[in-house]
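Presented below is the structure to which this report refers.
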Amino acid sequence: MDYSKTEDWILTRLPSYQAIGKKAYNPGLNNVVKFISALELSLDSLKLIHVGGTNGKGSTSAYISSILQESKYKVGIFTSPHFFDFRERIKINNKMIDKSFIVNFINDNKNLIEKLELSFFELSFCISLAYFIKSKVDYSIIEVGLGGRLDATNIINPLISVITNISYDHTDVLGDTLEKIANEKAGIIKKNSQIIIGERNKIVDEIFVKKAKEVSSSITFVPDLNDQKNYSSVSYLNTNIKTAIYTCKALNLDNINNDSILAGISNVTKNSSLIGRWTTISNNPKIIFDAAHNLAGFESLSSQLKKTKYNQLHIILAFVKGKNINELIVTLPSNSNIYYTSINMERGMTQSEIIQNVGRSIIFDKNPKRLLDSVKGNCSDQDIILITGSNFIAKTIL
């Protein structure tokens, strides 16, 4: 198969949580362990940083990668989901994985992949490990897919485990209390390693402290370090940046210094192509895309909007099934002009489902681009258009 056919096989033949949700979730490590063993991959050659948590995993991973790159290291990074191209998930120093590597990997292992019935995420993760090993990266940053304890990525033994924060998301899989969710996330904490916790939460902090003691690992809560600097005008990004900084400092490497840290923060777009975090897409009117998709994410958005000047605020929303829309939109400014659209995937919430969820009539257009053009036509240069609710709207609307 050529790359186009190979990518199509990966995206359409394998069960993907991104596309169909919980039906594609394959909890447990057995399949990945069997596959890695069959490939005879030695993970001991990789120096790993494991990043979990509810929100902020992607941006924290991006800032860690950028700081390490500015410190002259070769950095592999595995993240999800992708916005535009499958290969965004697997990069080295912000260069996407070679198409030829993916083609050869699938051609060589297709029968085994099908025999083990690997999920889309399991396969993507295993490809990343094989690629990082072959490329002899200095450090590999691995973002947890879902949860932690039973996530496919949890076969690794990292130098540092990072947990950004704990809030409600994927409660149908991870549990309906913060304690249950935290216990799942704490599953990435390993023996004789370091743990960095990005935010304090009195409900769950003791769960992490207890786990750290059980496995003889040191634990650091970033807020306790009392760093008063503001590295970003976006509040939630500032929190994630600090988590990234202290993760890199915990590596205790001579190359990491204040200059490389500040350069990593400044050059995160160049070094990591970070988007979807209060990202300005265009101006006049200003269009912002943010991938917030749960309550904590929307609360962070609301906090940022309170610090933002505008005449009128127009918000375009798209959701996957299972979201409590009313819970999310109540966090937004009450005078917002709200519009809804759909995502072209099985998980996308339809117009009728949105109406049923919010319990009232809505402004809806199933074509996101057409809706954006219509909203822009009714805006002044002093207005803001915010596009949010899902990662998956990016490819369609941008």
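Every number here is computed from the coordinates shown, using simple stated rules; none is lab data. The structure displayed is predicted, hence computed values, not measured ones. Neighbour counts run over all protein chains shown; Cβ positions are idealised from the backbone, glycine included.
Distance between the 7 Å Cα→Cβ label points at R13 and N104: 2.0 nm. Counting charges near L328 (Lys, Arg +1; Asp, Glu -1) among other residues having Cβ under 13 Å from its Cβ returns a value of -3. Across the chain, the mean sequence separation of Cα contacts (distance under 8 Å, 6 or more residues apart), normalised by length, yields a relative contact order of 18 percent.
Computing Kirkwood radius over Cα pairs in Å for the structure here picks out one of [x] 21.8; [y] 23.8; [z] 21.1, namely [x]. Dipole size of the chain about its Cα centre, with +1 on Lys/Arg Cβ and -1 on Asp/Glu Cβ: approximately 220 debye, rounded to the nearest 20.
The length gained by stretching the chain between L39 and K210 to full extension, at 0.36 nm per residue less their Cα-Cα distance, is 58.0 nm. Computed 3J(HN,Hα) for region 108-115, one whole-Hz value per residue from the Karplus formula 6.51 cos²θ - 1.76 cosθ + 1.60 where θ = phi - 60°, is 6, 10, 4, 5, 5, 4, 5, 5, glycine and proline marked x. Which FRET efficiency value, to the nearest 0.05, is calculated for N230 and N111 with the Förster distance at 41 angstrom and r the Cβ-Cβ distance? After rounding to 0.05, the efficiency reads 0.15. If R0 is taken as 22 Å, the Cβ-Cβ distance between N157 and K180 corresponds to a FRET efficiency of 0.35. For region 185-194, the Karplus equation 6.51 cos²θ - 1.76 cosθ + 1.60, evaluated at θ = phi - 60°, returns couplings of 5, 5, x, 7, 6, 10, 5, 6, 10, 10 Hz by residue, with Gly and Pro reported as x. State whether region 1-160 is rounded, prolate or oblate according to the following rule on the C-alpha gyration tensor (a ≥ b ≥ c being the square roots of its eigenvalues): a/c under 1.5 gives rounded; otherwise a/b larger than b/c gives prolate, and the remaining case gives oblate. It comes out rounded by the Cα gyration axes.
Our estimate of slack between K270 and I338, defined as 0.36 nm per intervening residue step minus the Cα-Cα distance, is 21.2 nm.
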